[in-house]
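Coordinate-derived values only; no laboratory data. Quantities reported herein were computed from a predicted structural model and do not represent experimental measurements. Here Cβ is always computed from backbone atoms with ideal geometry, including for glycine, and neighbour counts include all displayed protein chains.
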Ligand code: HEM
């Protein structure tokens, strides 16, 4: 297989992996296999998958550097866009199936329920990143500005974790585990940044 | 998703009693040996098709939630944190033999076999709404006995201002207890007049069968005007006490779960609204009713009380 075909195959597999949870949820939905409270289940599953993909997106750069596989970076936008899709569906589910367009109740929730306020903030911040994920937008912004804008993820993902942490009833373990992974990934970036800053003047 | 219905028979349930139970696929938790006695002379014959209870005027005429949902969607952290966990994991609970310890301010404290505890009290069917603090609800056809009838036998004294309840603590059979998600054993409590209210029952069955383990076998409290977590499951201890007892959820998050925890659409949980609920099986949310719709019977218990403060 030539390089091109292999690339396309690998890309297809990544795409499928991102899409699979949604297919699986849809399949279970059609088979009435989402339990007694399918709406709640769906909201929760979509939220968790959104968070997981956001975290995978955050992990790509460190992995590419550590494994010396710079071409991994090309999956970053795909994974990020899928994360956005899951979060968008998560929000849609809340607005449509859970609240049935009860805008008064939704508005009250966003203002009064800190966990929803934080989730909403994370979502609002995600929108510009999703919108600027086309090749056209990337060219238009230029790589420097584009990268700067997309550093918003360093804020968005922790907000997602905090949102999760705040809505848990008794067992804080799962959100804390996600939080620890996020802390590790962001910690690596800080460490890299300081290392570079220290190295640069030495070289120059 | 292999096990969707919690009522499936597991090895732990195979006891000689099953031999004469025709609908044994329904049987998951077996009632302590005495329950047949509790139902009076006819209970033994009825065991062939399950339990029967006398119809009650306190029952709602609303359509009961499906049995698969009632027995497959549970909050019973002793068996895991997901709603499907209790149905999956509760097979390990040995609900027989079973004793209940009665102590505190009463004339007849002691440790009683469940059969003796229930004896002489005909079962009633009580079809009640159940409203979970999380914002969902069901309609459940319980079989049980008014708690007052059970407690009076132990002659509580005038010092018995409250009744405290405890769930079994047995990590070997309750895997969820191996992690300190709550301060085990699970504890609940009622004011004595709430405990003695005719709506309050000790349930031993649902849908014409003994309680499945995941629903709190072999006996659990049902207090229909309060959020579901007040209706403590698998009760092993009942104490008559003078001071308001500590309760598991109140200990865990005092600002979120009060001692009273009456269903109240005007007092929100700090993190979500209590104004509406999703009835399991329905699509649109419905409005939550004050005291879960039992205000006519119970509002008098709280006259003069600030229910926002005493949430
Ligand atoms: C980046 C954005 C977001 C992420 C990563 C996210 C993630 C999550 C996660 C992980 C959960 C918990 C799932 C579980 O318990 O298994 C959750 C639950 C939930 N989220 Fe989000 N979320 C986001 C945005 C939002 C927004 C914008 C809203 C609504 C305005 C929202 C509303 C909810 C609700 C209602 C629940 C369920 C709470 C419950 O069932 O008790 N989320 N979300």
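A few comments on the model shown:
- Checked across the range A:129-136, the condition of being over 16 Å from the mean Cα position of the chain (by Cα), in contact (Cβ under 8 Å) with a residue 12 or more places away in the chain and more than 12 Å from the ligand (Cβ to nearest atom) holds for no residue.
- Residue in the range A:105-117 that is nearest to the other protein chains (Cβ to nearest Cβ), counting only those that are within 8 Å of the ligand (Cβ to nearest atom) and surrounded by 20 or more Cβ atoms within 10 Å (Cβ to Cβ): A:109
- Among the residues here, residue A:122 does not qualify as more than 15 Å from the ligand (Cβ to nearest atom) and either assigned to a helix (DSSP H, G or I) or within 22 Å of residue B:273 (Cβ to Cβ) (or both).
- In the range A:178-190, the qualifying residues are those that are closer than 30 Å to residue B:80 by Cα and touching a helix residue (DSSP H, G or I) at 6+ places or on another chain (Cβ under 8 Å), and the one that is farthest from the ligand (Cβ to nearest atom) is A:181.
One line per residue, one yes/no per condition, for (1) more than 14 Å from every other protein chain (Cβ to nearest Cβ); (2) part of a loop (DSSP other than H, G, I, E, B); (3) in contact (Cβ under 8 Å) with a residue 60 or more places away in the chain:
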position: B:190; (1), (2), (3): yes, no, no
position: B:194; (1), (2), (3): yes, no, yes
position: B:217; (1), (2), (3): yes, yes, yes
position: B:232; (1), (2), (3): yes, yes, yes
position: B:254; (1), (2), (3): no, yes, no
position: B:264; (1), (2), (3): yes, yes, no
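- The set of residues in the range A:139-172 being within 18 Å of the chain's Cα centre (by Cα) and away from the ligand (no atom under 12 Å from the Cβ) consists of A:146, A:147, A:148, A:149, A:150, A:151, A:154.
- Which numbered condition residue B:278 fails, given (1) within 27 Å of residue B:66 (Cβ to Cβ); (2) surrounded by fewer than 18 Cβ atoms within 10 Å (Cβ to Cβ): (2)
- Residue check for residue A:175: without any contact (Cβ under 8 Å) to a residue 40 or more places away in the chain, within 11 Å of the ligand (Cβ to nearest atom), within 14 Å of chain B (Cβ to nearest Cβ) and in a helix (DSSP H, G or I): yes
- Candidate set from the range B:237-249 (those that are crowded, with 20+ Cβ neighbours inside 10 Å and not in a loop (DSSP other than H, G, I, E, B)); member that is farthest from the chain's Cα centre (by Cα): B:240
- Elements of type helices (runs of 4 or more DSSP H) in the range B:48-136, at least 3 residues being touching a strand residue (DSSP E or B) at 6+ places or on another chain (Cβ under 7 Å) and away from chain A (no Cβ under 12 Å): B:114-118
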